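Input: a single structure, listed below in structure tokens.
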Amino acid sequence: MRDEISASYRDWLAEQEMPKGKRAAMLSALELFSKQGYDGTSTMAIAKHAGISQATIFKYFKTKDDLLAAILKPMINHLLPEYREDFLAEIPAMATLQETVHFLVRDRYEFLIKNREVALIFLTQVMTNADTRAMFQKFMAETASMFINAIYGTLQKSGSLRDDLPPAAVLRTIAGQLLSYFVQRQVLMPEAKADEDADLQLIEALIVRAISKT
């Protein structure tokens, strides 16, 4: 299971059968969209970076929106569901609250780092693009009960979870801390020196303090 969880979006893309020009366009768009933003990247810049013509891009993607969709849709429709199944299966069945939080923080941060480019594009588009937001909301609606049963259920079994916190508040606390740190490290302060292990330990401690009875 662990190998599947650790696989990156780039690894997945490399395994897909497609014309060389299409793959080059998608890989360059993936890199440039994550660095410069979707609105700040032109098809001309993508073509130059990929070493192909704009005509090649438009041969496979009618618009830049179609190119963006070609990157994000597989993430939402295929990769996230696959990662979800592996991730949920790996959650410790019997563990302390601290051990469960440690697993969640480390595993999901590893996932974000290995999929850094598409994760940054995805987070931006969820906030600004109605179509992407709708796809994500559909995925979350299908996933919510699974996460509640696996994550919230495991935390409850530890006997240390606060009784007054509903599942959404617990998951929001964990995801909020993790995503904030990811954005800080990758977008706001990418050049700043940091001890990620120490930072993640602090995040774990903050989460445990927020959701624990004691």
> Across segment 191-207, which residue is surrounded by the fewest Cβ atoms within 10 Å (Cβ to Cβ) among those that are in a helix (DSSP H, G or I) and touching a helix residue (DSSP H, G or I) at 6+ places or on another chain (Cβ under 8 Å)?
Replying inline: Glu196
>> Looking only at residues that are at pLDDT below 90 and either of a type in the set (D, E, K, R) or assigned to a helix (DSSP H, G or I) (or both) in segment 172-190, which one is surrounded by the fewest Cβ atoms within 10 Å (Cβ to Cβ)?
In response: Leu188
> How many residues are more than 23 Å from Asp197 (Cβ to Cβ), of a type outside the set (A, V, I, L, M, F, W, C), loosely packed, with under 15 Cβ neighbours inside 10 Å and at pLDDT below 90 when one looks only at segment 82-130?
Replying inline: 2
> What are the pairs, 6+ residues apart or on separate chains, where a residue within segment 89-107 that is within 16 Å of Ile148 (Cβ to Cβ) and free of Cβ contacts under 8 Å to residues at least 60 places away in the same chain has its Cβ under 8 Å from a residue that is hydrophobic (A, V, I, L, M, F, W, C) and assigned to a helix (DSSP H, G or I)?
Replying inline: Thr100/Ile151; Thr100/Leu155
>> Could you check segment 162-175 and list, in sequence order, the residues that are of a type outside the set (D, E, K, R) and either in contact with a strand residue (DSSP E or B) (Cβ under 6 Å, 6 or more places away or on another chain) or farther than 11 Å from Ala210 by Cβ (or both)?
In response: Pro166, Pro167, Ala168, Leu171, Ala175
>> Being under 21 Å from the mean Cα position of the chain (by Cα), closer than 16 Å to Glu99 by Cβ and in contact (Cβ under 8 Å) with a residue 12 or more places away in the chain is true for just one of Leu161, Leu200, Leu171. Which residue is that?
In response: Leu200
>> Return the residues of segment 30-66 that are in a loop (DSSP other than H, G, I, E, B), surrounded by 14 or more Cβ atoms within 10 Å (Cβ to Cβ) and among the β-branched types (Val, Ile, Thr); say none if nothing qualifies.
In response: Thr41, Ile52
> Across segment 67-77, what is the number of residues that are among the β-branched types (Val, Ile, Thr) and buried (at least 20 other Cβ atoms within 10 Å of the Cβ)?
Replying inline: 1
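The values are calculated or read from the model by the stated rules, or taken from the named source; none is laboratory data. No experiment lies behind these values; they were computed from the predicted model shown. With ideal geometry, Cβ positions are generated from the backbone for all residues, glycine too; neighbour counts draw on all protein chains shown.
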